[in-house]
């Protein structure tokens with residue numbers, strides 16, 4: 001099921017058929033360097049897929065698979081999560097691209113698509129981003145897509161900067 005499409009990408013729900021492609025992201029130590037959950041084993045990738053399905057059913061959103069429209073090549077994942085940060089329940093964006101897909105503008109493009117989906121289909125008024133300050137590439141993506149710094153906080157035992165975009 002396609003969630004949204006951009007100029008070069010389409011974003012759809014993750015299925016068990018995506019396990020091999022997901023390993024290009026979730027099992028790559030470099031890609032997962034700033035992840036609060038770390039590198040995934042093959043078993044954890046299947047747990048991740050099951051959790052995505054659960055999130056789709058309970059929230060109407062979750063992590064989605066990102067593919068190139070032109071050739072259906074896997075790019076990465078992008079999606080929305082719901083968690084408590086300090087005392088606030090927030091919905092935040094998360095994205096990870098396969099190493100060979102980074103630096104091509106796909107993160108910015110998929111984030112803009114996800115924001116449009118959040119605003120126009122989910123009718124949300126704000127989306128957050130949680131980023132470790134050392135993750136310079138993600139900070140650049142968030143700045144280029146209209147997010148503003150809100151505060152520094154802690155999430156899952158990591159120091160993160162909290163950003164927000166409002167609609």
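Data table
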{"read-out": "Residue list for segment 54-73, filter: over 17 Å from residue 100 (Cα atoms) and surrounded by 15 or more Cβ atoms within 10 Å (Cβ to Cβ)", "value": "55, 56, 61, 62, 63, 64"}
{"read-out": "In segment 138-156, residue surrounded by the most Cβ atoms within 10 Å (Cβ to Cβ) [restricted to those that are modelled with pLDDT under 95 and closer than 13 Å to residue 34 by Cβ]", "value": "155"}
{"read-out": "Residue 129 surrounded by 13 or more Cβ atoms within 10 Å (Cβ to Cβ), under 16 Å from the mean Cα position of the chain (by Cα) and either more than 26 Å from residue 7 (Cα to Cα) or free of Cβ contacts under 8 Å to residues at least 60 places away in the same chain (or both)", "value": "yes"}
{"read-out": "Complete set of residues in segment 94-117 that are in a helix (DSSP H, G or I), in contact (Cβ under 8 Å) with a residue 60 or more places away in the chain and within 11 Å of the chain's Cα centre (by Cα)", "value": "110, 114"}
{"read-out": "Failed criterion for residue 91 (all others in (1) more than 23 Å from residue 4 (Cα to Cα); (2) modelled with pLDDT of 95 or more; (3) part of a strand (DSSP E or B) hold)", "value": "(1)"}
{"read-out": "Selected residue (criterion: surrounded by the most Cβ atoms within 10 Å (Cβ to Cβ)) from residues of segment 74-89 that are in contact (Cβ under 8 Å) with a residue 40 or more places away in the chain and farther than 23 Å from residue 17 by Cα", "value": "85"}
{"read-out": "Matching residues in segment 118-150 - criterion: being over 22 Å from residue 103 (Cα atoms), assigned to a loop (DSSP other than H, G, I, E, B) and in contact with a helix residue (DSSP H, G or I) (Cβ under 7 Å, 6 or more places away or on another chain)", "value": "124"}
{"read-out": "All positions within segment 157-167 that are surrounded by fewer than 13 Cβ atoms within 10 Å (Cβ to Cβ) and in contact with a strand residue (DSSP E or B) (Cβ under 8 Å, 6 or more places away or on another chain)", "value": "159, 166"}
{"read-out": "Some residue of segment 23-36 being surrounded by 20 or more Cβ atoms within 10 Å (Cβ to Cβ) and assigned to a helix (DSSP H, G or I)", "value": "yes"}
{"read-out": "Output for segment 12-22, where each listed residue is in a helix (DSSP H, G or I) and either more than 23 Å from residue 129 (Cα to Cα) or at pLDDT below 95 (or both)", "value": "16, 17, 18, 19, 20, 21"}
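The values are calculated or read from the model by the stated rules, or taken from the named source; none is laboratory data. What you see is a predicted model, and the numbers here were worked out from it, not measured in a lab. Note that each Cβ is placed from the backbone with ideal geometry, even for glycine, and that neighbours are counted across all protein chains shown.
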